[in-house]
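Reviewing the structure listed below.
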Amino acid sequence: MLFLCGDVMTGRGIDQILPHPCEPHLFEPYLRSARGYVELAEEAHGPIRKPVDFAYIWGDSLAELERAAPHARIINLETAVTAAEDAWPGKGINYRMHPGNVPCLTAASIDCCVLANNHVLDWGHAGLQETLAALRGAGIVTAGAGSDEAEAAAPGVIDLGGGARVLVFAFGLESSGVPAEWAARKDRPGVSFLDDLASRTADAISERVAACKRAGDIAVASIHWGSNWGYDIPGGHQAFAHRLIDAGGIDLVHGHSSHHPLAIEVYGRKLILYGCGDFLNDYEGIWGHESYRPDLSFMFLPTIDRAHGELLSCALIPMQIRGFRVNRASREDAAWLQRLLSREGARFNTRAKLGTDDALQLQWDQKPVKRES
């Protein structure tokens, strides 16, 4: 079993309630201090004690993780981990968490932080280098960013024991707000950036996967793509995900960037999460997209057959962001999410079933898979 979720943003307001906050100044048109995000959240949902302990932000998810005992825990960390002051020129929105607050990630025993996103270079190349050093110093694997092109392209490797591994290949696209100039080069730090979603690009990734993958490994493609709002799945996203799977290398596509969950597909008995939603952020008290319920998301807990990389089952634990922490969603909200996944998944013949424990189980129509003898 794996644990995956969408964007985890521990910077800005959340960094301010942790034991070692960065300087709070911002360069945004609306707020000039990260403390303003704390004030907005408190106005919306009540006081937040400060400082909180490092485990606080994970809330009820810690008990769920202990119960499920996943073999690997993978998140998209949408925050630079740095005290650097070299904000990326003209970007405006700059997320950072102080390196002293890294224990908030180890508190949840996170194995891999995906970094190929539109905030990891918010504080420049020095900020990225400090991010890499802070995470690796804490024993956390990184994927999708590095000191040069080769390091950024290399998979994050999670050892499962017994010779089996999870390989996390991570990529960012301009459609999610990743600037093309953030692409890592032979002589420049940056992210693993995809110029397009053409078949040849998928095939090149598959060749890299084949060069690393061994029997018993599970290969994950973690992709930061698409807009923040809306339920449309671009045809290019679907075709690219299918190509990654058809080429024989990728077993699970972990898509993120959307601020709310998107449809789920099971293709060739492989799981495709087109958009996982925000798992943690500091957006409380900011209004404008209430119909999407961006406060709701999931803990994705897929069980995968290591022999063939096929999906056996997938539990979906409904969660809600409240008070800068992740809480179990109410049954009413879980039912709302169940209807959402069933509605949006209809085109892919997937749906969700709500259990008596307020958790969801993914259901899909099985199709035969041809294998070479």
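The values are calculated or read from the model by the stated rules, or taken from the named source; none is laboratory data. This one's a predicted model, so the numbers in the text were calculated from it and none came from an experiment. Counting neighbours? That spans all protein chains shown, and the Cβs are built from the backbone with ideal geometry, glycine included.
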Search result, residues across the range 55-89 that are of a type in the set (Phe, Trp, Tyr) and within 21 Å of LEU296 (Cα to Cα):
TYR56, TRP58
Positions within the range 72-99 being aliphatic (A, V, I, L, M) and either closer than 19 Å to LEU135 by Cβ or crowded, with 24+ Cβ neighbours inside 10 Å (or both), in sequence order
ALA72, ILE74, ILE75, LEU77, ALA80, VAL81, ALA83, ALA84, MET97
Give all pairs with beta carbons closer than 7 Å in which a residue from the range 223-240 that is farther than 23 Å from LEU167 by Cβ meets a residue that is of a type in the set (Asp, Glu); count only pairs at least 6 apart in sequence or on separate chains.
TYR231/GLU344
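Does any residue of the range 110-125 turn out to be among the acidic types (Asp, Glu), crowded, with 16+ Cβ neighbours inside 10 Å and touching a Phe, Trp or Tyr at 6+ places or on another chain (Cβ under 6 Å)? Full working, then the answer.
If we filter the range 110-125 for residues that are among the acidic types (Asp, Glu), which is where we start, we get 111, 122.
Those left that are additionally crowded, with 16+ Cβ neighbours inside 10 Å: 111, 122.
Applying the additional criterion that residues be touching a Phe, Trp or Tyr at 6+ places or on another chain (Cβ under 6 Å) yields 122.
Yes; the residues of the range 110-125 include at least one that is among the acidic types (Asp, Glu), crowded, with 16+ Cβ neighbours inside 10 Å and touching a Phe, Trp or Tyr at 6+ places or on another chain (Cβ under 6 Å).
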Every pair of residues 6+ apart whose Cβ atoms lie under 9 Å, when the first sits in the range 247-262 and is modelled with pLDDT under 95 while the second is surrounded by fewer than 24 Cβ atoms within 10 Å (Cβ to Cβ) and hydroxyl-bearing (Ser, Thr, Tyr)
ALA247/SER206; GLY248/SER206; GLY249/SER206
Can you pull out the residues in the range 1-28 that are touching a strand residue (DSSP E or B) at 6+ places or on another chain (Cβ under 9 Å) and among the β-branched types (Val, Ile, Thr)?
VAL8, THR10, ILE14
Just the residues that are touching a residue at least 12 places away in the same chain (Cβ under 8 Å) and either of a type in the set (Gly, Ala, Ser) or in a loop (DSSP other than H, G, I, E, B) (or both), please, taken from the range 284-296.
GLU284, GLY285, ILE286, HIS289, ARG293, PRO294, ASP295
Testing GLY36 on (1) outside any loop (DSSP other than H, G, I, E, B); (2) in contact (Cβ under 8 Å) with a residue 24 or more places away in the chain; (3) touching a Leu at 6+ places or on another chain (Cβ under 9 Å), one condition comes back false. Which one is that?
(2)
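From the list PHE54, PHE27, which residue is touching a Cys at 6+ places or on another chain (Cβ under 7 Å) and assigned to a loop (DSSP other than H, G, I, E, B)?
On the way: PHE27 fails: touching a Cys at 6+ places or on another chain (Cβ under 7 Å).
None of the others qualify; the one that does is PHE54.
Before we move on, is GLY161 at pLDDT below 95 and at positive phi? Before you say what the answer is, go through the steps one by one.
Numbers: at pLDDT below 95: yes; at positive phi: yes.
Yes.
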Return the total of residues in the range 100-133 being in contact (Cβ under 8 Å) with a residue 60 or more places away in the chain and either part of a helix (DSSP H, G or I) or aromatic (Phe, Trp, Tyr) (or both).
7
Within 23 Å of the chain's Cα centre (by Cα) and modelled with pLDDT of 95 or more, is that true of GLY46?
no
Just to verify a result, which residue in the range 287-341, among those that are among the polar types (S, T, N, Q) and within 21 Å of LEU252 (Cβ to Cβ), is farthest from the chain's Cα centre (by Cα)?
SER313
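Going by the conditions given, is ARG269 over 18 Å from the mean Cα position of the chain (by Cα), at positive phi and either modelled with pLDDT of 95 or more or surrounded by fewer than 23 Cβ atoms within 10 Å (Cβ to Cβ) (or both)? Explain how you work it out, then say what you get.
Working: over 18 Å from the mean Cα position of the chain (by Cα): yes; at positive phi: yes; either modelled with pLDDT of 95 or more or surrounded by fewer than 23 Cβ atoms within 10 Å (Cβ to Cβ) (or both): yes.
Yes, satisfied.
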